[in-house]
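Asker: Dropping a structure here in structure tokens format, bear with me for questions.
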Amino acid sequence: MSSASPSTTHDTEEARDRLRRARRVLALTGAGISAESGVPTFRGPQGLWRDFRPEDLATPQAFSRDPLLVWEWYESRRERMGSVQPNAGHHALARLEERVPEFLLATQNVDGLHALAGSRSLVELHGCLWRVRCTGCGAVREEREPFAALPPRCRCSGLLRPDVVWFGEELPRAPLEQAFAAARAADVVLVVGTSALVYPAAAVPEAALEEGAFVVEVNPERTPLSAACGVSLRGRAAEVLPLLVGGGA
Ligand code: BJW
Ligand code: ZN
């Protein structure tokens with residue numbers, strides 16, 4: 001990966017100014033925004049999948065083949081994420097929502113940290129780690145406690161699965177449509193902590209660019225989106241977002 005180059009004060013000021021004047025803002029977040037809360041990202045040297053290939057674990061085929069292995073991975077992540085807290089980046093986005101007339105936060109994350117930080121105008125594109133869904137009767141319920149035995153089963157005896165979106169599965173339709181509609185209408189799109197590799201989420205800022213939105217990226221590394229952005233700020237979300245939004249801690 002290329003080394004991070006410092007973004008200029010001018011870029012930061014331009015992004016802050018655009019956000020201050022914007023009436024319609026979409027924020028799209030990925031695993032990087034939770035990195036400073038202690039949640040590992042998926043890709044990269046410290047990524048969650050350093051020792052696993054995604055297709056070994058995050059696919060319906062992997063789950064059919066070995067539900068115990070897949071559940072052990074999810075339970076270890078649930079355990080780890082159960083104690084983490086939102087960071088200054090999550091809080092900055094919650095503050096931004098309060099002052100922008102039309103604001104939407106679309107997250108690819110399944111950790112629930114945006115809601116915990118107080119974001120309300122929020123759609124989860126890849127589901128939620130704190131919900132389970134029955135592969136038999138389809139019932140969905142919140143489940144924060146660890147399971148007594150793995151893989152867990154529903155009252156109907158069907159196998160439960162995490163209510164998240166795996167490769168090859170369709171994203172929940174309404175949240176995805178909301179994200180694309182907000183992208184097409186936005187003055188400014190803020191893309192934070194995503195490698196911009198996983199579709200269709202990666203197509204959301206592409207749609208905004210096609211409609212002429214100003215796209216601000218916050219990421220310590222370059223991504224396939226960087227070159228097309230209005231400004232691409234090379235930094236960590238918990239440091240850069242408070243500079244862009246102001247106020248609060
Ligand atoms: C920091 C930081 C700090 C570090 N501050 N930043 C078009 C082209 C090619 C392929 C496809 C395509 N369309 C669809 C596909 C296939 C596939 C896909 O995209 N594959 C690509 C990988 C090639 N997509 C799908 O299969 C999707 N479904 C689909 O398309 O269905 C079609 C369909 C239609 C009709 C019927 C049926 C099907 C589904 C994708 C589901 C993704 N699921 C996962 C797992 C969720 C559950 C779980 O958590 O276990 O979602 S995969 C994983 O990747 C997770 C993430 O949400 C997602 C994105 O990752 P993210 O968030 O970008 O994280 P990283 O780790 O990649 O990046 C972190 C970034 O943060 C880095 O850039 C760092 O630099 C940065 N960072 N510290 C700010 N402090
Ligand atoms: Zn059931």
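The values are calculated or read from the model by the stated rules, or taken from the named source; none is laboratory data. Everything numeric in this text was worked out from a predicted model, so none of it was measured. Every residue, glycine among them, receives a Cβ derived from its backbone with ideal geometry; neighbour counts consider all protein chains shown. When the accessible area is computed, the model is the full protein with side chains, heavy atoms only, and any ligands, DNA or RNA have been set aside. Shrake-Rupley method; radii C 1.70, N 1.55, O 1.52, S 1.80 Å.
Asker: Given a 1.4 angstrom probe, I'd like the percentage of the accessible area of region 74-139 that is carbon and sulfur, rounded to a whole number.
Answerer: Carbon and sulfur atoms account for 47 percent of the accessible area of region 74-139.
Asker: With a cut-off of at most 14 other beta carbons within 10 Å, and DSSP calling the residue loop, which trypsin sites (Lys or Arg not before Pro) in region 88-130 qualify? Please list them.
Answerer: Values: sites: ARG95, ARG99, ARG120; in loops: ARG120.
Hits after loop and neighbour filter: ARG120.
Asker: Could you provide, to the nearest whole Å², the per residue accessible area of region 120-223 with probe 1.4 Å?
Answerer: Normalised by residue count, the accessible surface of region 120-223 is 48 Å².
Asker: In degrees, nearest 10, range 0 to 90: what is the angle between the Cα axis of helix 173-185 and the longest Cα principal axis of the chain?
Answerer: Roughly 10 degrees, rounded to the nearest 10.
Asker: Same structure, new question: Considering only protein heavy atoms and a probe of 1.4 Å, how much of the accessible area of region 183-227 is carbon and sulfur, as a whole percent?
Answerer: Values: 830 of 1670 Å².
On region 183-227, the fraction of accessible area on carbon and sulfur atoms equals 50 percent.
Asker: Something else about it: Counting each DSSP H run of 4 or more residues in the chain as -39500 (n - 2.57), what helix-only mean residue ellipticity at 222 nm follows after dividing by all residues, to the nearest 500 deg cm²/dmol?
Answerer: Counting only the DSSP helices, I get -10000 deg cm²/dmol.
Asker: Restricting to the chain, what percent of DSSP beta bridges are antiparallel, rounded to 5?
Answerer: 30
Asker: Of all DSSP beta bridges in region 45-190, what percent run antiparallel (nearest 5)?
Answerer: Details: 9 of 12 bridges.
Of all bridge pairs located within region 45-190, approximately 75 percent are antiparallel.
Asker: Still on this model: Top to bottom by accessible area (1.4 Å), largest first, where do THR12, THR107 land?
Answerer: Output order, biggest surface exposure first: THR12, THR107.
Asker: Still on this structure, please answer the following. Measuring from label point to label point, each 7 Å out along Cα→Cβ, what is the GLU79 to LEU197 span in nm?
Answerer: Taking the simple label geometry, GLU79 and LEU197 are separated by 2.7 nm.
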